[in-house]
Amino acid sequence: MRSKLTIFAILFFCLLSFLPIQPTNAAEQVELDFFYSETCPHCIKEYKFLDNDIEPKYEDVKINKYVLSKQKNVDLLEEFYAEYEVPKNIHGYVPITFIDDVYYSGFNDRIAMQIESKIINLTKYEASQQPIEDGDSQMADELRETVKVPLFGEIDLKNSSPLTLSIILGTLDGFNACAMIALGFLLAVLIGTGVRKKIILIGGTFILVSGAVYFLFISAWLNLFMITQNIAFITSIVAIIVIIFAILILRDYIRNIVCKICHINPKGATIWQKMEKYLFTKMQYYATTPMSTFLMLLGVAGVAVGINTVELVCSFGFPLAFTKALTDMGMSTGSYYFYLILYIMFYMLDDFIIFLIAVITLRVTGISDKYLKFVMLISGIMLLILGIVMLFKPSLLAFNL
C-alpha cells in the first residue's frame, strides 16, 4: 500500500512539472528606441515626456535614447529604417520613436497619447492603477488644433512658432528697398504708356515671376537644411552668418544706406550695380517697344529672374534664418512648404499693394526712405536676436505666442 502511494505521489508531481506556470502580476519588458536631435524643439519635448511621464510610471519600459549628432547612432537609425520599412520620404525627420512593431515620426500631444497607449497594451498595465482621461475627448481636442490643407496634408496649428515666424520674417523681408525700387521703376515706365492692360500684364508677370524665383531660392535652402538637420554644427554656422548679415544691415542703417545695390559708390559702380542698370534698360525696352504679347511677357519674365537674382544680395539673411528655424521644428514636408508659401505671400504683400494702387490710380505710390530705414533697423535687430538664439539656445524657437 505504501509503495502504491509513493508511486502515485511521484506521478502527481511529475504531472505538475509539465503544467504551465503564469505569474499573476508579471509584465513584459518593453523597449522604446528614441532618436532625436539636440537642436530640435519637438525632440526636447518628447525627451521630457519620456523622462517625466513614461519612465517613472512604467517600470517595465526600457528607454534607449540616441542623439543623432553621433555617427554610430545615425548608422543605427538606418538599420531601424530598414527593419521597420520606414518610407524614404520621412527619412531624416526627428524625433522618431520605435516601439514593438510600430514607429512614430514627430511629436505632439496626440503622438504622446499613442505612445502611452501602446505601452499600456504591451505591459498589461492596469488602468485602475493610473486613471486616464477620456481618450476620445483628448483626441478630439487635439484634432481641433490641426487643419487639413489640400496638397499640404495636416498642418499643426497648436504651436504658433512657424506661423509667427512666417508672418513676421516674410513681412520684414518684403520691405526690401532694392526690390521696391525695381518695381517702382517698372510701374513708372508702364504708367507712362497710359495703357492699363499693359500695366496689369507686365506688372503682374513681374510680380508673379519674382515670387516664384524667391520661392525656388528659399526652397533650395529648405531642402539643404532638411538633408543636414541632424548635423549639429550646421545650426551654429547658419547662426553666425545670420548675425553677420544683421550687423551689416545695422551698419548700413548707421551709414544712411537704404539699398546696397542702388547706393552710389564714389570709387565706381560695383558689378551688382552694373548688372542692375543693364536689367533696368532691358525692362524699359520690353515695356515700351512694340512686339508680340508672348515675346514681351517672356522678356519681362527673364528680366524679373535676373533682377531678383541680383537682389538676393540685399535679402540673404531672412530666408536663411527662416528656413533653418523651420527645419529645426521637426514638421512634415507638407507643413514646411505650407509655411514657406505663407512666408512668400507676406513677402509679396507690399509689392502687390503698390501694384494694385498703380493699376487703379495710374500713379506710382512709393514708400519713403525714412520708413524703409526704420524697417531696416527693425529687421537688423530681429535678425540679430534670431541669430543669437539659434547660436546659443535654438530650442527657444519653439516658443508659443
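What follows draws every value from the coordinates through simple rules; no lab data is involved. Just so it is clear, the model here is predicted, and its values are computed rather than measured. When we count neighbours, we look across all protein chains shown, and the Cβ atoms used for this are built from the backbone with ideal geometry, even at glycine.
Packing, taken as the mean count of other beta carbons within 10 Å per residue, orders the peptides 373-381, 317-325 from highest to lowest as 317-325, 373-381. Pairs spanning more than 18 Å between alpha-carbon atoms, out of Lys198/Lys282; Lys48/Lys72; Lys62/Lys118: Lys48/Lys72. For the listed peptides 186-198, 205-217, 162-174, 352-364, a ranking on the average number of other beta carbons within 10 Å per residue, highest first, reads 162-174, 205-217, 186-198, 352-364.
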